[in-house]
Amino acid sequence: MNSTAALHGATVVLGDRAILRGLDLEIRSGVTVVRGPNGSGKTTLLRALAGLAPLSRGTRETAARTLYLGQRAGLLRGLSARDNLRFLASFRGDPADGVGPALAAWGIAAKSANRPVESLSAGERKRAALARIDVERCDLVLLDEPFGEIDDGAAAQLLRTIRRLAGERRSVVIATHGRFELDAGANEVVRLA
């Protein structure tokens, strides 16, 4: 099975601190869970895989379109959830016709989908961001603490989505403190100290 992304001897230094040192990791289709205490480098690892954190040493390889969803929603203030997802899809060159159904599937009603994102609750913003998974159709999906700020219904939807992506032979990397039920179905559980 070929990897969709890899880090070889990856070192990331932020400020004067090495966050990751000499990390070797191959991401394959299915689920990879990244665990570790606060400050151990989980977010930095995902950002390095996405090409958002520069490597001081080592190499990054990817053979897949990548979607990075950070701990914050990462949506543009002033735009509605619908307009955000349309903009982000068009930025990638993807059709935006699936935005409405994706938002509805994640529990964002049409009325809320048309309001500026800053007027939505934190949970609604997070669900709108998670709807990008269904709109942008990337083969490598990086999720940083994706269960934060969402209710039980959205958490169940996220678990179903993760299983679906793995079944479609897409790669999902999840940095999380909890949700230990993910470990049983994961290809690999990466533990950072």
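The values are calculated or read from the model by the stated rules, or taken from the named source; none is laboratory data. The structure presented is a predicted model; accordingly, all values stated were derived computationally and were not measured. All Cβ positions, even for glycine, are placed from backbone atoms using ideal geometry, and neighbour counts span all protein chains on display.
Before moving on, here are some points about what is shown:
- The range 93-107, residues that are over 19 Å from the mean Cα position of the chain (by Cα), more than 20 Å from D151 (Cβ to Cβ) and either assigned by TED's automatic domain parsing to the domain that holds R164 or assigned to a helix (DSSP H, G or I) (or both): G100, P101
- Selection status of L88, at pLDDT 95 or above and in a loop (DSSP other than H, G, I, E, B): no
- Residues being surrounded by fewer than 18 Cβ atoms within 10 Å (Cβ to Cβ) and of a type in the set (D, E, K, R) - total across the range 59-93: 6
- Looking only at the range 1-49, and only at residues there that are among the hydroxyl-bearing types (S, T, Y) and assigned to a strand (DSSP E or B), the one that is surrounded by the most Cβ atoms within 10 Å (Cβ to Cβ): T32
- Helices (runs of 4 or more DSSP H) (entirely within the range 108-193) containing at least 1 residues that are among the basic types (K, R) and surrounded by fewer than 20 Cβ atoms within 10 Å (Cβ to Cβ): 110-113, 152-167
- In this structure, G107 does not qualify as free of Cβ contacts under 8 Å to residues at least 24 places away in the same chain, at positive phi and not hydrophobic (A, V, I, L, M, F, W, C).
- Listed by first and then second residue, the pairs linking a residue in the range 57-69 that is over 22 Å from I19 (Cα atoms) and at pLDDT below 95 to a residue that is surrounded by fewer than 17 Cβ atoms within 10 Å (Cβ to Cβ) and among the small types (G, A, S), with Cβ atoms under 9 Å apart and 6 or more places separating them unless they lie on different chains, are A63/S3.
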